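I have placed the structure first, in the form of structure tokens, so that the comments after it can refer back to it.
What follows is calculated from the coordinates using simple rules that are stated; it is not laboratory data. The model shown is predicted, which means the values in this text are computed figures rather than measured ones. Neighbour counts are summed over all protein chains in view; Cβ atoms, including those assigned to glycine, are modelled from backbone coordinates with ideal geometry.
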Amino acid sequence: MSNVDFLEFAYSFFIPSLIIGAILIFYRLFRYIFFVRRYPAKPVFRWRKIGGGHIVGGFIMTFLRPIVFAASRSFETIITDFAAGLAIMHIAGLIPLIFLLSQHLACIEVYAPWLAAILWPLAIPLNMTTGFLGAGIWGPLTVVLNGDVLFVLALIGVCYKLGDHIYRAAARMAHIRLGDFLALLLLLGILLTGFLSAHHLPSMVPVWVYRTVNKAEEYRRLYRRSTTVIGRLLGPLARAGLIKPKDVDRVLKIAYRCTYCGTCYQYCTLGIYSGALVEALREVLDNLGLSPTVLKTLKELEVTEKYLELDGVKSLWNTFLDNVKKTIGKDPPIGKEGANVCLLVTVMDLLITEDAILSMIKILEKAGENWTLPSRPLGIRPPIGYTVGDRGATAKVLAGIHGEVSRLRPKRVVTTDGGYTYTMLRFEMPYIINVEPDYEILHAVELVYEYDREKKVKFVRKEPLYVAWHDPCQMGKRAGLFKIPREVVKLATPYLVELKRKKIFSRCCGGGAGLYFLTRGGISILSEKLGLQFKFTEKELDFLRELEEDVRHLAYTRADDIAKVRADLVTTACPECIAMLSMAVGAKGLTIGVRHVISYVSEYMI
């Protein structure tokens, strides 16, 4: 069961179920409108001489008559047939709503985007939490009348009626038609696949121990032991306990099989973000000095700002400034106060997506923007402390960035990094350092989209290739940036192709939450470009080898998603995504290009 991808199954099941359902509905309506008399030779179809109003009224009375009849009979029939009749009416009313659940609309969007665009405003949230946070057109009713409630009510009704049919057929109490069974089984299949596609969370690897609930359970054990009376008294009997030396390896593996992608929140029935518990588990491990060597080293370099003393960082920064000068034909503004836009640059940007920074500078110049660069790289991949659960380091790094930006007094800070750097700066920083910034934080795609709308920059759509967009988890599921990046891609090409797993159902690249830095590629680039050398024990080398295999599994799966839609190029906006997808398509021998969206669209600027 752990290897089954229910969402993919739901995609495959969706169209056949619609076709079968349409055939059954057509048959029922045909029999209702036409009088059919069967002869040994051939059947005769004769139009029932009734008006449209009578047809509609008769259709409603089809449900009402059994209820009225049952209500006038014995107490037993009132309890059984009367209740069953009400249930059938309820289910009939639910069927249109069931197809408005957001996971079903996601399926529709794959096959009929125009229809999905019409229906999305009517979409019903998956669960209580998402219904409360975004009630939409349905109002506060979705807090209690959400996808999960609809599913449970419909499932009870369908299962009861199906069981009743089976009982009556076995007892020969009534003639049960095959079509009745097919209709109920079809509806049951639609309900189950829809629910499972919404709530089944595909794991990074097909191993049960790494499922979201089990990863979060490790922290719950500590919580029960530390804060509950039952946990203190009963210990293991209450699934409570501290981390023992023999458990360290297992807990470490579990803590670093999470990319903080937010998928668990989207899939969970109650909208619980289990990643927060994994973050807390990493914090416990970090306090015990058990964080991976690479992340621990990067955290210390970033929080102390000693990374600025590395010859590799100095070389990268100087080379970058030279490239900026070549790009715009003049010395770039560095540390200029009072600019409209401060373009954020980190060491991660210089290592992997320098071309995106240079391309964004070209766009800023073309738009006639008053912009500046910071006087130095603002962090390695800030805040690295977030990836190991070090709250103090996270707060100190964010406060340092805020202080430097505040000194420059820009109106906007723009980043090309769509990973956790973007979400931490834009959404988390005010709460972590308890300061409300007086500047706006944007991703570069938001600014490019704005420039295009205001006609400050023009693009020509002449890309002949099929281009796919990969939603970075932080920028997409966590920040809700879905429409704007796609509109930016379409500035350069009319051939945007959508992946089946997209938007809130998008699949992670596998490198988030610092995991990229723990891969061979990440360690190699840190060694070659920054001159960092790491000493690993044999036990940690085993940990890294197993982790490498697992993150590659996820990256390869995402590469397969891209190959299935026959895209020539995939664009995204996160350096980790670019690194992981480039590795995956190369390892699988695919001829698919991987580009940062800003680098890509800048080539079509006129």
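Summary table below
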{"read-out": "Amide hydrogen neighbours beyond the local backbone of Val570, cut-off 5 Å, H modeled", "value": "Ala468, Gly593, Val594, Arg595"}
{"read-out": "Length added when fully stretched, Arg407-Tyr167, from 0.36 nm per residue minus Cα-Cα", "value": "78.7 nm"}
{"read-out": "Inter-part distance where the stretch 543-580 and the stretch 152-168 are each reduced to a Cα centre, Å", "value": "43 Å"}
{"read-out": "Rg/Rh (Cα only; Kirkwood hydrodynamic radius) as it applies to the stretch 296-602", "value": "0.95"}
{"read-out": "Difference of contour (0.36 nm per residue) and Cα-Cα distance, Asp438 to Leu541", "value": "32.6 nm"}
{"read-out": "Karplus-derived 3J(HN,Hα), 6.51/-1.76/1.60, for each residue of the stretch 294-302, Hz, glycine and proline x", "value": "4, 5, 4, 5, 5, 4, 5, 5, 6"}
{"read-out": "Estimated FRET transfer efficiency when R0 is 22 angstrom, pair Lys458-Asp331 (beta carbons, to 0.05)", "value": "0.25"}
{"read-out": "Stokes-Einstein diffusion coefficient of the stretch 208-288, Kirkwood radius over Cα pairs, 10 °C, 1.306 mPa s, in µm²/s", "value": "122 µm²/s"}
{"read-out": "DSSP-assigned coil residues among GluC sites (Glu not before Pro) in the stretch 449-490, each with at most 12 further Cβ atoms within 10 Å", "value": "Glu454"}
{"read-out": "For Ile124, distant residues with modelled amide H under 5 Å away", "value": "Leu101, Ser102"}
{"read-out": "Radius of gyration and maximum dimension Dmax of the stretch 322-448, Cα, Å", "value": "14.0, 43"}
{"read-out": "Cross-link partners of Lys503 among lysines (Cα-Cα below 21 Å; sequence separation of 8 or more within a chain)", "value": "Lys477, Lys483, Lys490, Lys564"}
{"read-out": "Contour excess over end-to-end distance, with Cα ends at Ile15 and Ala238 and 0.36 nm allotted per residue", "value": "75.7 nm"}
{"read-out": "Hz values of 3J(HN,Hα) by residue in the stretch 487-493 - Karplus curve (6.51, -1.76, 1.60), Gly and Pro given as x", "value": "5, 5, 4, 6, 5, 9, 9"}
{"read-out": "DSSP-assigned coil residues among chymotrypsin sites (Phe, Trp or Tyr not before Pro) in the stretch 433-519, each with at most 13 further Cβ atoms within 10 Å", "value": "none"}
{"read-out": "Note, ³J(HN,Hα) from phi for the stretch 502-510, Karplus 6.51, -1.76, 1.60, rounded to Hz, x at Gly and Pro", "value": "9, 6, 5, 9, 4, 8, 5, 6, x"}
{"read-out": "Length-normalised contact order for the stretch 208-288 - Cα pairs under 8 Å, 6+ apart - percent", "value": "31 percent"}
